[in-house]
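First the structure, in the form of structure tokens, and then the observations on it.
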Amino acid sequence: MINRFAQFVYTLLIILLVPIGLFVLLRKRKGRPSVGCRWKEYLGVFPALPSLHNPIWIHAVSVGEVLAAKSLTQELQRKYPNQTLVITTTTPTGAEQAKKLSGDIVHLYMPLDIPWAINKLIRTVKPCKLIVMETELWPNTIVQVHKSGIPIYIVNARLSEKSLKNYQKIQPLFEVMRPCLTKVLCQYDDDANRFKTLGLSTDQVKVTGSIKFDIKVKPEIYTAIETLKQQVTHYSWVWVAASTHQGEDEVILEAHRKLLDKYPSALLMIVPRHPERFDDVYELATQLGLTISKRTETSSHKITTQVYLGDTMGEMMALIGAGDLCFMGGSLIGKKVGGHNFLEPASLKKPMLSGKSYFNFQVIGDQLIHHGALRLAEDSNNIADQLMQLCANSELVLDMGEKAHRVFKNNSGSLAKTLHYL
């Protein structure tokens, strides 16, 4: 009774907050794609779809989850070529990333968590199963899908200690979802134990590792890397600051200024996490007296600048691959973000630097540190000092890169385990 009442109150709040939710989702932000005329999909109103064949529904809320699903979609298409993949995302940037996935994939925007909107999606798609990337648990969605007899799998599931405490605060609402989950496929033992603390059974919870480890670098990526390397071959040192956030760019750019004092032919490639910040970072570098060029303006020319701004989408791997070292952003701003994925640079044999806040990738980060592939830094002076040490020791750089790749290889195999349970 308590659980049903909790779901009723939750549903009532969601309905009351629909105008605010739509405003947030539809608000046009500089540098980001917009939903446009497809906004009705958030309310369960969908356009006519092509013929769907026993579709598998994958929900990936935004860019990070879509990227995580990339290898899974490729393998599902290979193993089940006669089934349609339907991907739902919440954000327009996630939709843009979904368009880049290979194969014939249908994209829809995920409706707000209102029972009738979710039911309209279920009736429109008629999926044979729902795969939720990471831990995007919406009570009404989970319940309505389960009522329709559709198995629900949570893939690449993570549950931090903070998230566990938050779920425990709304335990009656979680109890509504708990029996509806077919399998929760966790990245690590700690994640699995936290889900069990919430009441999931041993049969429901399995540890498969992170499918992000199963990155397969396509030949065209290596081609792009080699092309970019030719454009920067005249630099003595190239480092990449990947997925930086507001508040970090100043630190990164200041570290590069210090590096240039000793190594004037060094290049920084900086890739802000959010596209709407490209222009802001460009202006910031200019204000700091650094010369800067945009990739969109120099993509086929020899690069002659102190800072190279990666203002494109989907080219992160090429930029990382062309550098000597990768600094992973989202790690210098305390508890706001918690770092980003170390696995892409590790797959390309790149040594890494990071700030001390990488709790979203704690396990892999700790492994990389333990094996000597990742170093931590906390401010511009510290970052510059680390860079200078590595600039002067090419053998150490190569050794750190090899160790990073070894950690990456040792943690591969998650995709096969995940497909086994699916």
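The values are calculated or read from the model by the stated rules, or taken from the named source; none is laboratory data. As the structure is a computational prediction, the values presented were derived from the model and not from experiment. Every residue, glycine among them, receives a Cβ derived from its backbone with ideal geometry; neighbour counts consider all protein chains shown.
Per the conditions (1) closer than 27 Å to Asn360 by Cβ; (2) out of contact with any helix residue (DSSP H, G or I) (no Cβ under 7 Å at 6 or more places or on another chain), the sole criterion not satisfied by Leu16 is (1).
Using the structure shown, decide if Gln386 is surrounded by fewer than 23 Cβ atoms within 10 Å (Cβ to Cβ), part of a helix (DSSP H, G or I) and at pLDDT below 95. Against the criterion (surrounded by fewer than 23 Cβ atoms within 10 Å (Cβ to Cβ), part of a helix (DSSP H, G or I) and at pLDDT below 95), Gln386 does not qualify. Residues that are within 24 Å of Lys336 (Cα to Cα) and in contact (Cβ under 8 Å) with a residue 60 or more places away in the chain were ranked within region 257-302; the one that is nearest to the chain's Cα centre (by Cα) is Arg273.
Filter region 1-36 down to residues that are of a type in the set (D, E, K, R) and at pLDDT below 80 and give me whichever is nearest to Gln171 (Cα to Cα). Please lay out each step first, then the result.
Quick first cut of region 1-36, residues of a type in the set (D, E, K, R) only: 4, 27-30, 32.
Keeping just the survivors that are at pLDDT below 80 gives 27-30, 32.
Details: Arg27: 32, Lys28: 35, Arg29: 35, Lys30: 38, Arg32: 36 Å.
Among residues in region 1-36 that are of a type in the set (D, E, K, R) and at pLDDT below 80, the one nearest to Gln171 (Cα to Cα) is Arg27.
Can you find even one residue in region 312-334 that is over 19 Å from Glu226 (Cα atoms), out of contact with any His (no Cβ under 9 Å at 6 or more places or on another chain) and either crowded, with 21+ Cβ neighbours inside 10 Å or not assigned by TED's automatic domain parsing to the domain that holds Ile225 (or both)? Yes: region 312-334 contains one or more residues that are over 19 Å from Glu226 (Cα atoms), out of contact with any His (no Cβ under 9 Å at 6 or more places or on another chain) and either crowded, with 21+ Cβ neighbours inside 10 Å or not assigned by TED's automatic domain parsing to the domain that holds Ile225 (or both).
Here are His405, His370: which of them is of a type outside the set (S, T, N, Q), in contact with a helix residue (DSSP H, G or I) (Cβ under 7 Å, 6 or more places away or on another chain), surrounded by fewer than 19 Cβ atoms within 10 Å (Cβ to Cβ) and at pLDDT 95 or above? It would help to see each step written out before you state the result.
On the way: His370 fails: in contact with a helix residue (DSSP H, G or I) (Cβ under 7 Å, 6 or more places away or on another chain).
Selected residue: His405, the only one of His405, His370 that is of a type outside the set (S, T, N, Q), in contact with a helix residue (DSSP H, G or I) (Cβ under 7 Å, 6 or more places away or on another chain), surrounded by fewer than 19 Cβ atoms within 10 Å (Cβ to Cβ) and at pLDDT 95 or above.
Selection within region 25-80: residues that are aromatic (Phe, Trp, Tyr) and either outside any helix (DSSP H, G or I) or over 24 Å from the mean Cα position of the chain (by Cα) (or both). The member of this set that is surrounded by the fewest Cβ atoms within 10 Å (Cβ to Cβ) is Tyr80.
Can you find even one residue in region 274-287 that is in contact with a His (Cβ under 7 Å, 6 or more places away or on another chain) and not β-branched (Val, Ile, Thr)? No, every residue in region 274-287 fails to be in contact with a His (Cβ under 7 Å, 6 or more places away or on another chain) and not β-branched (Val, Ile, Thr). Looking at region 94-103, can you tell me whether even one residue there is in a helix (DSSP H, G or I) and farther than 20 Å from Ser71 by Cβ? No, every residue in region 94-103 fails to be in a helix (DSSP H, G or I) and farther than 20 Å from Ser71 by Cβ.
Can you tell me which of Asn411, Asn381 is in contact (Cβ under 8 Å) with a residue 12 or more places away in the chain and under 23 Å from Asp189 (Cβ atoms)? Working first, answer last.
Numbers: Asn381 fails: under 23 Å from Asp189 (Cβ atoms).
It is Asn411.
Determine if region 144-154 includes at least one residue that is in contact (Cβ under 8 Å) with a residue 60 or more places away in the chain and either closer than 22 Å to Leu17 by Cβ or assigned to a helix (DSSP H, G or I) (or both). No, every residue in region 144-154 fails to be in contact (Cβ under 8 Å) with a residue 60 or more places away in the chain and either closer than 22 Å to Leu17 by Cβ or assigned to a helix (DSSP H, G or I) (or both).
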